[in-house]
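Inspection log for the structure reproduced underneath, given as structure tokens.
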Amino acid sequence: MKDSAQTHHHIDGRSVAARILNACRTFIEENGPIGRLVSVSIGDVPEIAVYVRNQERGAARANLPFETQFWHGDITQDEAKAKIQRMNDDAEVLGIILQRPVPDHINLRSLQSAIHPLKDVEGMNPASIGNIVYSDVALAPCTAAASVELIKETGLDLKGLEVVMIGHSEIVGKPAAMMLMAEGATVTVCHHLTRSVAMHSRRADVVVVAVGIPHFLGPDMIKPGAAVIDIGINQIDGPDGTPKIVGDVDTDAVGDIAGWITPVPGGVGPVTVAILMRNATVAHQRQVAAGWMD
């Protein structure tokens, strides 16, 4: 159990998410109705259910209509693309969420590319990710954007801030690094070929971890007072054999050293869902600007 002196270092993702969702709700009250989000799940993948449920709850809190579609697992690539194209052409569809994973015969990147950039509320279309290079981050991948939002929550000035990003995936590490550079941070990206991750992370003002390895980041890998953003979601067996969710950070040990730390669960996850809803309001504004609706 953390004492009060340590607990205040935790960045409460739920309160950050609530603030974002309240802003979305206000926007919709002033500008709505703004169409519906459509969640697409392909095949029977039980682990998707929790993500869909969290997104549905977030949409309800933002007062955004949310529709779930479940496509049969043997749908062909062409059939799936045709369905997406029909949603692209449907003015009542505000945004499309393509749940992952998809069946092996489906080319995920191709389907993500089929979603029109102005309906790409997840920020997964290559055009959306490419825009980040030009500092257009309004429709960025949600988890990457959530990590930046949580760094801002510390009150640290991002201009000139030393940030080490551990993990270089296309949907988290790379876009997060580019978004932070757009904010003026100095960013080092570490990955599986980095010779000494700790050599880099120990000098950082902020360490962001997204590697999918339970308790990867230990207290010897950060400098005192650093902010630690834990994007990992890993399931392990607890002491009594019951499955539990942990991050990529050894939270208890690192929390004694860090200035700020995000808990798992309750850190990046809620903010990721809230960013998805904020992206929906941005998509609406851009669709209006493009002349798609009145």
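The values are calculated or read from the model by the stated rules, or taken from the named source; none is laboratory data. Since this is a predicted model, take the numbers as computed values, not measurements. Backbone-built Cβ (ideal geometry, glycine too); neighbour counts: all protein chains shown. Areas reflect the complete protein model, heavy atoms only, side chains present, ligands, DNA and RNA absent. Shrake-Rupley method; radii C 1.70, N 1.55, O 1.52, S 1.80 Å.
Quick notes on this structure:
- Between 0 and 90°, nearest 10: helix 173-182 axis offset from the chain longest Cα axis: 80
- Taken about its Cα centre, the chain carries a charge dipole of about 400 debye when Lys and Arg each add +1 at the Cβ and Asp and Glu each add -1 at the Cβ.
- The calculated FRET efficiency for residue 108 paired with residue 49, based on their beta-carbon distance and R0 = 22 Å, is about 0.70.
- Here residue 66 sits with roughly 40 square angstrom of accessible surface, probe radius 1.4 Å.
- Length gained on full extension, residue 22 to residue 213: 65.4 nm, using 0.36 nm per residue less the C-alpha separation.
- Average silhouette area of region 43-103, convex hull of alpha-carbon atoms, in square nanometres: 4.3
- Neighbour net charge for residue 164 - beta-carbon separation under 12 angstrom, K R +1, D E -1: +1
- When its C-alpha radius of gyration is set against 2.2 N^0.38 Å (N residues), region 154-208 gives a value of 1.06.
- Anisotropy class of region 190-294 from Cα gyration tensor, a/c 1.5 cut: prolate
- Between the helical axis of 142-153 and the longest alpha-carbon principal axis of the chain there is an angle of about 50 degrees.
- Per residue convex hull volume, Cα atoms of the chain, in Å³: 140
- Translational diffusion of region 236-292 was estimated from the Stokes-Einstein equation, with Rh taken as the Kirkwood radius over Cα pairs; at 10 °C and 1.306 mPa s the coefficient is 110 µm²/s.
- Among 110, 128, the sequence by solvent-accessible area, most first, with a 1.4 Å probe is 110, 128.
- Distance cut-off 15 Å, percentage of C-alpha pairs in region 1-93 lying past it: 71
- Distant-in-sequence amide contacts of residue 227, defined by a placed amide H-H separation under 5 Å and a gap of 5 or more residues or a different chain, comprise 206, 207, 259, 260.
- Table column - 3J(HN,Hα) (Hz), region 261-269, Karplus curve with 6.51, -1.76, 1.60, x for Gly and Pro: 8, 8, x, 10, x, x, x, 5, x
- Near residue 69, once Lys and Arg are set to +1 and Asp and Glu to -1 for all other residues with Cβ below 12 Å from its Cβ, the sum equals +2.
- Evaluated at q = 0.23, 0.24, 0.34 Å⁻¹: base-10 log I(q)/I(0), Debye formula over Cα of region 225-267: -0.75, -0.79, -1.17
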